[in-house]
C-alpha cells in the first residue's frame, strides 16, 4: 500500500529560512500564486497577532500561510475554524493532549507542569481579494520560548517531553484540514 503525504495536496511550497511573517510574504505573492500554495518558514523574526501581541518566533516552530483560491465563496470564519479543528484533532489524537479554542483563534493545550491551559497554536484567516484567502498558523513545536511569550505560551516539546518531526506534524494537520475543507460550503 502506497502512503501519500498530505503535503502533496499542496500545489506549491514556497519555503524560506527566515522572514518577518509568512502572512506578509503570502499577501505579496497571492495575486500571482495558485490555489493551495503554502508559504513555509523555519523562523519568523517579527510575528505578532492582529492586535499586536508577540508570538513565538524562533527556530523550532512551524510557521505557515496557506493561499486558498476556492472555486466557491467560503466564509472566512469557516476556513479559520477548519484549520483550528485540524490542529485540535492532531494534538488530541496524535499526542493525546487536552485542547480547547478561544475566540482569538488560539489553540490552548493543557500544560500539566503549570496546571493550566496555555497557547500552543494561533490561527488567523484573512481575505485579501475576491476569492483569495490566507490561512496562517504559528505553532510552538520545539521552540525555546522567549521571556515575552513563555507566560502565555507553551511548546509541544515541553508538554510531551520530547521532540517531534515538523514535517510529520504539518502533514497530520494538513490531512485533517483538507478533510474539513472538503465539506465547507
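The values are calculated or read from the model by the stated rules, or taken from the named source; none is laboratory data. Values in this document were obtained by computation on a predicted structure and should not be read as measured data. For neighbour counting, all protein chains shown are included, and Cβ atoms are generated from backbone atoms with ideal geometry for every residue, glycine included.
Odds and ends about this structure:
- Taken over region 80-96, the residue count meeting the criterion of being within 20 Å of residue 64 (Cβ to Cβ) and either in a loop (DSSP other than H, G, I, E, B) or more than 14 Å from the chain's Cα centre (by Cα) (or both) is 2.
- Residues of region 124-132 include at least one that is free of Cβ contacts under 8 Å to residues at least 60 places away in the same chain, assigned to a loop (DSSP other than H, G, I, E, B) and either touching a helix residue (DSSP H, G or I) at 6+ places or on another chain (Cβ under 9 Å) or surrounded by fewer than 23 Cβ atoms within 10 Å (Cβ to Cβ) (or both).
- Residue match in region 42-62 (condition: modelled with pLDDT of 90 or more and in contact with a helix residue (DSSP H, G or I) (Cβ under 7 Å, 6 or more places away or on another chain)): no
- Residue check: residue 113 meets all listed conditions (1) touching a strand residue (DSSP E or B) at 6+ places or on another chain (Cβ under 8 Å); (2) assigned to a loop (DSSP other than H, G, I, E, B) but one, namely (1).
- Condition broken by residue 98, with the remaining ones in (1) surrounded by fewer than 17 Cβ atoms within 10 Å (Cβ to Cβ); (2) under 30 Å from residue 32 (Cα atoms) satisfied: (2)
- Residue match in region 133-143 (condition: touching a helix residue (DSSP H, G or I) at 6+ places or on another chain (Cβ under 8 Å), at pLDDT 90 or above and over 18 Å from residue 172 (Cα atoms)): yes
- Cβ pairs under 6 Å, 6+ apart, first in region 155-174 and touching a residue at least 60 places away in the same chain (Cβ under 8 Å), second in a helix (DSSP H, G or I) and surrounded by fewer than 21 Cβ atoms within 10 Å (Cβ to Cβ): 171/6; 171/7; 174/6
- Some residue of region 162-177 being part of a strand (DSSP E or B) and touching a helix residue (DSSP H, G or I) at 6+ places or on another chain (Cβ under 8 Å): no
- The set of residues from region 95-105 being without any contact (Cβ under 8 Å) to a residue 60 or more places away in the chain and closer than 18 Å to residue 157 by Cα comprises 96, 98, 99.
- Number of positions in region 133-161 that are assigned to a loop (DSSP other than H, G, I, E, B), buried (at least 20 other Cβ atoms within 10 Å of the Cβ) and in contact with a strand residue (DSSP E or B) (Cβ under 6 Å, 6 or more places away or on another chain): 4
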